[in-house]
1. Around Ala229, under 11 Å between beta carbons, what's the net of Lys plus Arg minus Asp minus Glu among the other residues?
2. Quick one, can you get me the convex hull of the C-alpha atoms of the range 253-319 expressed as volume per residue in Å³?
3. Over the chain, consider all pairs of different Cα atoms and compute the Kirkwood hydrodynamic radius from their mean reciprocal separation; express it in Å, one decimal.
4. Keeping every protein chain in place, order His306, His288 by accessible area at 1.4 Å, biggest value first, i.e. largest first.
5. Too long at a 26 Å Cα-Cα cut-off: which of Lys214/Lys279; Lys107/Lys219; Lys197/Lys247?
6. Roughly to the nearest percent, how much of the accessible area of the chain is carbon and sulfur, given a 1.4 Å probe?
7. So what is the relative contact order of the range 22-156, in percent, for Cα pairs below 8 Å that sit 6 or more residues apart?
8. As a test question: what accessible area, to the nearest 10 Å², does Phe2 have when a 1.4 Å probe is rolled over all protein chains in place?
Amino acid sequence: MFELDDIIPLGDKSNDLLAVGELLVDMISNEYDDGSFECDGYTKFSGGAPSNIAMNVNRLGIRSEIVSAVGNDGFGTYLLRRLQQEDMDTKGIQRVDASTSLVVVTKSRTTPIPIFYRDADYQMTFDASLEQRIANSKIVHFSCWPISRTPARHTLEKVIEEARSQGLLIGFDPNYHPMIWQRGEDGAQYVKSIISKVDVIKPSEDDAERLFGKDEPVKQLEKFLELGAKLVIMTLGKDGAIVSNGKETLSFDSLATEIVDTTGAGDAFWSGFYAALIKGHSIREALHLGFAVSAYKLRFTGAVVHLPRLDVIKEQFSL
């Protein structure tokens with residue numbers, strides 16, 4: 001169990017955060033849409049939750065690396081160049097003979113509605129380079145995308161095993177959606193089976209409903225804890241969030257005052273939370289800073305925005 005006023009000891013490693021999983025193109029509508037997808041135009045952005053987080057934390061002032069797979073195509077080259085523009089190390093990005101994965105998203109002030117086109121992202125494999133990157137890192141983060149298909153699932157299972165054996169902090173975004181899973185497979189059951197193997201899990205209310213069905217947020221929170229979760233952060237959109245370590249449950253109000261686009265808001269939270277932990281803040285303080293970074297991101301379109309350093313956001317939100 002994590003006490004909320006604890007400072008988590010993360011050791012002395014050359015890299016702070018290792019994000020493993022999808023790197024893809026987000027095509028976001030130029031206009032707000034009710035889900036009918038009748039927009040006249042879309043703009044491409046670099047996407048994929050782990051890569052979003054890795055780029056965000058670099059801007060906030062900590063070190064990160066990405067391990068992913070993209071196609072040997074123009075979109076794959078675009079994503080690599082986007083990372084290079086952010087001074088990111090791209091040696092962990094595998095190029096494969098498949099089309100770069102893409103998500104079409106409606107611009108939204110509530111929950112974005114996605115359409116998924118997948119190929120290259122789940123071709124990621126475990127190799128000596130990835131093994132070394134785990135050994136050199138303090139935190140490993142992943143989402144549902146890589147565990148939803150093989151061979152990437154086997155890669156993540158090995159990542160979790162290595163990270164646990166070396167005492168790394170493991171963060172999991174349970175962004176389960178049946179559309180990204182192999183047809184006919186009980187993906188929700190698989191997600192539930194690995195919850196006890198991670199340290200921090202951050203479901204949204206929608207994630208919880210897709211995994212467990214409709215229920216009150218506090219009861220949903222308890223279901224994650226019953227499955228072995230050590231720290232659960234459940235985001236509730238405009239209603240803020242509830243957080244529990246199984247002993248203490250806290251409510252957080254939303255810090256957002258202006259919402260332009262919700263794409264990547266959860267990734268922004270993770271980014272602020274991880275950056276704060278790395279910089280020596282307690283879990284409680286890191287939660288506040290995570291919500292502040294998310295509120296800052298909501299003012300802009302796209303999953304990755306020009307975040308200032310963490311201390312600047314801390315000052316802006318009087319934390």
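The values are calculated or read from the model by the stated rules, or taken from the named source; none is laboratory data. Since this is a predicted model, take the numbers as computed values, not measurements. Heads up, the Cβs are rebuilt from the backbone with ideal geometry, glycines too, and the neighbour counts pull from every protein chain shown. In case anyone asks, the SASA skips ligands and DNA or RNA and just uses the protein heavy atoms, side chains included. Shrake-Rupley method; radii C 1.70, N 1.55, O 1.52, S 1.80 Å.
1. Numbers: positive: Lys192, Lys197, Lys202, Lys223, Lys230; negative: Asp199, Glu222, Glu226.
Neighbour charge sum, excluding Ala229 itself: +2.
2. Values: hull volume 5.0 nm³, N = 67.
Roughly 74 Å³ of hull volume per residue.
3. On the way: mean 1/r = 0.0516 Å⁻¹.
Answer for the chain: a Kirkwood hydrodynamic radius of 19.4 Å.
4. From most accessible down to least: His306, His288.
5. Values: Lys214/Lys279 37 Å; Lys107/Lys219 30 Å; Lys197/Lys247 19 Å.
Cα-Cα > 26 Å for Lys214/Lys279; Lys107/Lys219; rest within.
6. Of the solvent-accessible surface of the chain, carbon and sulfur hold 46 percent.
7. Averaging sequence separation for qualifying contacts and normalising by length gives 26 percent for the range 22-156.
8. 40
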